[in-house]
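Here is the structure we will look at, set down as structure tokens.
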Amino acid sequence: MTLFFTADTHFGDHRTRNIHRRPFPGVAEMDAALVAGWNAVVGPDDDVWHLGDVARRLQDVGPLLARLNGRKHLLRGNNDAPGIADCAGWASVGDYAELTVGGTAIVACHYPFRSWNGQHRGTLNLHGHSHGKLKSLPRQHDVGVDARNFRPVTLAELRTQASPPT
């Protein structure tokens, strides 16, 4: 089992494709690339923490989750509909999580923090929301698809990849 993180997929949302200049000719191509990128790295027994802003339309979430590999955990984002927790396919739903992965403490939320629990003791902050446009603090990583080649990433990848552009 491998643990992955992602955020800001915004499936079905033409606004995100335009605002964040995603390199796809249309929404259908964007969605297909996001599903393919996800399933290329995530296996059926893997866990994925999605840090919010899943899809534009609530009715698309359940069928979409059925197409994506792995057990999916959601930390809601500002664009997630109130009923998203009721969609079939989530292993868990929340707004904030503190995790330990291989001895590394993580604070995860849709929003980037300027300070977080354990920040000065090596705890990482994983977030979405900023689409790769916010200058990160030390030990802070934007896991959104715009900053991570349009696919989920592992903790090991986050540690070795350069910070997203500011």
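Just so you know, all these numbers are worked out from the coordinates, no wet-lab data involved. Quantities reported herein were computed from a predicted structural model and do not represent experimental measurements. In this analysis, Cβ positions are derived from the backbone assuming ideal geometry, glycine residues included, and neighbour counts consider all displayed protein chains.
Where in region 108-166 are there chymotrypsin sites (Phe, Trp or Tyr not before Pro) that are in a DSSP coil and have at most 15 other Cβ atoms within 10 angstrom of their Cβ? Could you put the intermediate results ahead of the total?
On the way: sites: Phe113, Trp116, Phe150; in loops: Phe113, Trp116, Phe150.
For chymotrypsin sites (Phe, Trp or Tyr not before Pro) across region 108-166 that sit outside H, G, I, E and B with at most 15 neighbouring Cβ atoms in 10 Å, the list reads Phe113.
I need the trypsin sites (Lys or Arg not before Pro) found in region 108-152, filtered to DSSP loop residues with at most 15 other beta carbons within 10 Å of theirs. Please report the intermediate quantities before stating the final value.
Working: sites: Arg114, Arg121, Lys133, Lys135, Arg139, Arg148; in loops: Arg114, Lys133, Lys135, Arg139, Arg148.
When the trypsin sites (Lys or Arg not before Pro) of region 108-152 are filtered for loop state and at most 15 Cβ neighbours within 10 Å, Arg114, Lys133, Lys135 remain.
Cut-off is 10 Å between beta-carbons; in what order do Asp86, Asp31, Asp142, Asp47 appear when sorted fewest neighbours first?
Values: Asp86 12, Asp31 21, Asp142 26, Asp47 16.
By the 10 Å Cβ count, ascending: Asp86, Asp47, Asp31, Asp142.
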(message) Tell me the angle of helix 58-67 to the major Cα principal axis of the chain, expressed in degrees between 0 and 90 and rounded to the nearest ten.
(response) 80 degrees
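Using the number of other C-beta atoms within 10 angstrom as an exposure proxy, rank Ser115, Ser92, Ser136 with the fewest first. Walk me through the numbers on the way to the answer.
On the way: Ser115 8, Ser92 13, Ser136 17.
Arranged by neighbour count, lowest to highest, Ser115, Ser92, Ser136 become Ser115, Ser92, Ser136.
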(request) Would you kindly state how much longer the chain becomes between Ala36 and Leu137 on full extension, computed as 0.36 nm times their sequence separation minus their alpha carbon distance, in nm to one decimal? (result) 33.3 nm
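Can you tell me what share of the DSSP beta bridges in region 99-158 is antiparallel? A percent to the nearest 5 is fine.
Working: 3 of 9 bridges.
That works out to approximately 35 percent antiparallel.
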(request) Rounded to the nearest 0.05, what FRET efficiency do Thr160 and Gln59 give with R0 = 35 Å and r taken as the Cβ-Cβ distance? Could you check? (result) 0.35
